[in-house]
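Structure record follows, encoded as structure tokens.
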Amino acid sequence: ELGRAALFPVGQQLGREARSRLGVGESAADLLRAARVLYNVLGIAFTVQWQEGRPAFLCVHRCALAAHYAAVTCAVLSATDEGAVQGLNPAARMRVQECMTAGAARCRARLDFVAACPAPEEEK
């Protein structure tokens, strides 16, 4: 928990800087475009499952880092991802729920918006 508490604000700052540099707006589509840029650099590929009126789920299908980390390391480092998402869009909240490093077939994170943010048409 100490590691997660220290890394979440680091992720937020990274997200805010990327938001500014990439011109990220308030939409879910902008958030996902920016997240794809950041994750692509790390060798991470994901899709998003949108559910009308309910949270979305971000599913990581490929992660170049998973083979190199233990489950506990991933659990701590995922706080950076969660903070970065909030930095990219202050209305977004992400929480990683399943990890490949812990034996899951894919990483899965719940994605909520504290303000109205419709799902992008291409992702529904």
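Of all residues in segment 17-62, which are over 13 Å from the mean Cα position of the chain (by Cα) and hydroxyl-bearing (Ser, Thr, Tyr)? Once the filter is applied, which keeps residues that are over 13 Å from the mean Cα position of the chain (by Cα) and hydroxyl-bearing (Ser, Thr, Tyr), segment 17-62 yields 20, 27.
Number of residues in segment 96-110 that are over 18 Å from residue 4 (Cβ atoms) and either in contact with a Gly (Cβ under 7 Å, 6 or more places away or on another chain) or crowded, with 18+ Cβ neighbours inside 10 Å (or both): the value is 1.
Between 24, 85, 76, the distinction of being touching a residue at least 24 places away in the same chain (Cβ under 8 Å) and not in a helix (DSSP H, G or I) belongs to 24 only.
Among residues of segment 91-103 that are free of Cβ contacts under 8 Å to residues at least 40 places away in the same chain and closer than 18 Å to residue 55 by Cα, those with a beta-carbon under 6 Å from a residue that is part of a strand (DSSP E or B) and of a type in the set (A, V, I, L, M) at least six positions away or on a different chain give the pairs 94/109; 94/111; 96/109. Checked against the criterion of being surrounded by 13 or more Cβ atoms within 10 Å (Cβ to Cβ) and in contact with a strand residue (DSSP E or B) (Cβ under 9 Å, 6 or more places away or on another chain), the candidates 14, 32, 22, 7 yield just one match: 32. Scanning segment 57-66 finds one or more residues that are closer than 17 Å to residue 109 by Cα and in a helix (DSSP H, G or I). Residue count for segment 40-56, restricted to those that are in a loop (DSSP other than H, G, I, E, B) and open to solvent by 20 Å² or more (accessible area, probe 1.4 Å): 7.
The values are calculated or read from the model by the stated rules, or taken from the named source; none is laboratory data. In this text the structure is predicted, and so the values were computed from the model without any measurement. Neighbour counts are summed over all protein chains in view; Cβ atoms, including those assigned to glycine, are modelled from backbone coordinates with ideal geometry. Keep in mind that these areas ignore ligands, DNA and RNA; they rest on the heavy atoms of the full protein, side chains included. Shrake-Rupley method; radii C 1.70, N 1.55, O 1.52, S 1.80 Å.
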